[in-house]
């Protein structure tokens, strides 16, 4: 149960990529201040192990984090149990991945591609 630092890099004008690697069961990624980049897609890769699950959470500065949804809307949580990619519906001030289940083999990489035409 650790906070794993993300690598945040500008890959082109208006495009920010955040990558959190080797997330284990119970780990949380360091928060990304990505509110300037409202268009986000989340990709999860790696070894899920038995019952491995990762979610994306968002919240205000210094506030409580809540689970986010994909673009199908509320009730369609960004919760991954296999490798996949989805668009993020909301745009909170801060976002972070959190591994909510897994075993000793769980080792996940979360990539968040964030873009804006105004950045």
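The values are calculated or read from the model by the stated rules, or taken from the named source; none is laboratory data. Computed from a prediction, not measured in an experiment: that's the story for all the values here. No Cβ is skipped: glycine too gets one built from the backbone with ideal geometry, and neighbour counts run over all protein chains shown.
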How many residues of the range 101-119 are in contact with a strand residue (DSSP E or B) (Cβ under 7 Å, 6 or more places away or on another chain) and exposed (fewer than 15 other Cβ atoms within 10 Å of the Cβ)? The answer is 1
When you check residue 67 against the structure, is it under 18 Å from residue 4 (Cβ atoms), touching a strand residue (DSSP E or B) at 6+ places or on another chain (Cβ under 6 Å), at pLDDT 95 or above and surrounded by fewer than 20 Cβ atoms within 10 Å (Cβ to Cβ), yes or no? no
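The rows are residues; the columns are (1) under 12 Å from residue 111 (Cβ atoms); (2) buried (at least 21 other Cβ atoms within 10 Å of the Cβ); (3) modelled with pLDDT of 95 or more; (4) out of contact with any helix residue (DSSP H, G or I) (no Cβ under 9 Å at 6 or more places or on another chain).
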site	(1), (2), (3), (4)
9	yes, no, yes, yes
23	yes, yes, yes, yes
28	no, no, yes, yes
43	yes, no, yes, yes
52	no, yes, yes, yes
61	no, no, no, yes
Quick one: would you say residue 98 is assigned to a loop (DSSP other than H, G, I, E, B) and either in contact (Cβ under 8 Å) with a residue 12 or more places away in the chain or out of contact with any strand residue (DSSP E or B) (no Cβ under 7 Å at 6 or more places or on another chain) (or both)?
no
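Of all strands (runs of 3 or more DSSP E) completely enclosed by the range 1-54, which ones contain at least 1 residues that are closer than 21 Å to residue 102 by Cβ?
Values: elements: 7-12, 15-23, 39-47.
Per the criteria, 15-23, 39-47.
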Residue pairs within 7 Å by beta carbon, gap of at least six or interchain, first lying in the range 49-68 and free of Cβ contacts under 8 Å to residues at least 12 places away in the same chain, second loosely packed, with under 12 Cβ neighbours inside 10 Å and in a strand (DSSP E or B), listed first then second, are none
Consider residue 56 carefully, then state whether it is surrounded by fewer than 18 Cβ atoms within 10 Å (Cβ to Cβ) and within 12 Å of residue 111 (Cα to Cα).
no
In the range 70-95, residues that are in contact (Cβ under 8 Å) with a residue 60 or more places away in the chain and either crowded, with 19+ Cβ neighbours inside 10 Å or not in a strand (DSSP E or B) (or both) total 2
